[in-house]
1. Taking the condition of being within 22 Å of Gln35 (Cβ to Cβ), assigned to a loop (DSSP other than H, G, I, E, B) and of a type outside the set (A, V, I, L, M), how many residues in the stretch 220-236 meet it?
2. For the stretch 242-260, name all the residues that are assigned to a loop (DSSP other than H, G, I, E, B) and either among the aliphatic types (A, V, I, L, M) or within 30 Å of Arg18 (Cα to Cα) (or both).
3. Which of the residues that make up the stretch 129-140 are in contact with a helix residue (DSSP H, G or I) (Cβ under 6 Å, 6 or more places away or on another chain) and either surrounded by fewer than 21 Cβ atoms within 10 Å (Cβ to Cβ) or among the hydroxyl-bearing types (Ser, Thr, Tyr) (or both)?
4. In this structure, does Ala193 turn out to be within 18 Å of Phe11 (Cα to Cα), more than 15 Å from the chain's Cα centre (by Cα) and modelled with pLDDT of 95 or more?
5. Go through the stretch 1-26 and count every residue that is touching a Gly at 6+ places or on another chain (Cβ under 7 Å) and among the basic types (Lys, Arg).
6. Does Leu153 satisfy the condition of being surrounded by 21 or more Cβ atoms within 10 Å (Cβ to Cβ) and under 16 Å from the mean Cα position of the chain (by Cα)?
Amino acid sequence: MKRIEMHVHTFGVRYQFRHRDDFDVFTFLDLAVEQGFTGVNISANGPGLRDLGGTTPAHFEAVRRRLVELDLRCELDTSDTSPPHLVGMLDVAAAIGAEVLRVYTRYRGTPAELEAWTVRDLRAVAGEADARGVTIVLENHEDFQGDALARILGAVDHPRVRALYDYGNSQMVGEDPMAALTAMQPWITTVHAKDHVVIRDDEGWWVQGVPMGDGRLPIMEQTRCLYDGGLRRFCFENVWAYVAPLHADAVPDVASFSLDHPHRRLAGDQLDPATAVAEEWSAFERGWGWFRDHLAADGFEIARHVVAPSGPGS
């Protein structure tokens, strides 16, 4: 049996947070336990630290206590690699007991400039992360292909600066998700497991989030490859109704970019609140059920607080 931890991401219930008065970070933590997850990833982008839902030391302490009471591990998500922002978010991560802080660049420039600026920033804050016991993970978001991200992490060369591999985000830059995984694997410590399709309409090419199991990503191949490379912590992210433009002149000839599916462009922000809440939750339940069933069929067992092996990918 292959024992793993499984986190759940707040992004997968973003419309519950946005449109329900009875849903907040504490509701989410209880939901994670009810659904059988062993940890949580909390998005803290934007005003009020978004899904974290508060900015005061008292709120951070209340979240930390609840995580301990529920025996949940935690990762915190932010964006913007600028050192002042990252140092502040490292303090937040430490205050709530998060072990990991996810980042991606907010810069705009040439590819060479983006790489140089990101290396500069991560080098500047690596010691701050180490002092707080928090690992920074750089995500392949909508900017770097896998080999570029690997170059950045190789140049930073610090054990507290690693990679988050997103199962589908490489599609936004026209890259085969398996090629990105191969390039990034020596640095991967955390992941976002999700499902996508690629669509094409009169306005161009798009990456569309769909309930897990409905898309074209090679989810179980990715999961097995990551496990074989040493990864023991995964995160389920329901990305129903997420849509982003594909920034590439050409796409690879692989199954994950095929157009042989019935999906059309759908942006959850354009739905009325009641519909967004209901359909998001339906997608969450269906996708999590699909992933759970396929993990079990492939010999995976979700277990609490597995100690990851040392070495590359740990």
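1. Summing the residues that are within 22 Å of Gln35 (Cβ to Cβ), assigned to a loop (DSSP other than H, G, I, E, B) and of a type outside the set (A, V, I, L, M) in the stretch 220-236 gives 1.
2. Tyr242, Leu246, His247, Ala248, Ala250, Val251, Val254, Leu259 - these are the residues of the stretch 242-260 that are assigned to a loop (DSSP other than H, G, I, E, B) and either among the aliphatic types (A, V, I, L, M) or within 30 Å of Arg18 (Cα to Cα) (or both).
3. Scanning the stretch 129-140 gives a single hit, Arg132.
4. no
5. Number satisfying all stated conditions: 1.
6. no
Quick grid of which residues meet (1) touching a helix residue (DSSP H, G or I) at 6+ places or on another chain (Cβ under 6 Å); (2) under 24 Å from Ser43 (Cα atoms):
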site	(1), (2)
Val198	yes, no
Val207	yes, yes
Gly213	yes, yes
Glu221	no, no
Asp228	no, no
Arg232	no, yes
Glu237	yes, yes
Trp240	yes, yes
Leu271	no, yes
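Let's see how each residue does on (1) in contact (Cβ under 8 Å) with a residue 60 or more places away in the chain; (2) touching a strand residue (DSSP E or B) at 6+ places or on another chain (Cβ under 7 Å):
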residue: Leu217; (1), (2): no, yes
residue: Asp228; (1), (2): no, no
residue: Val239; (1), (2): yes, yes
residue: Val243; (1), (2): no, yes
residue: His247; (1), (2): yes, no
residue: Pro262; (1), (2): no, no
residue: Thr275; (1), (2): no, no
residue: Glu279; (1), (2): no, no
residue: Arg292; (1), (2): yes, no
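The values are calculated or read from the model by the stated rules, or taken from the named source; none is laboratory data. Small disclaimer: the values here were computed from a predicted structure and weren't measured. Positions of Cβ are generated from backbone atoms using ideal geometry, with glycine treated the same way; all protein chains shown enter the neighbour counts.
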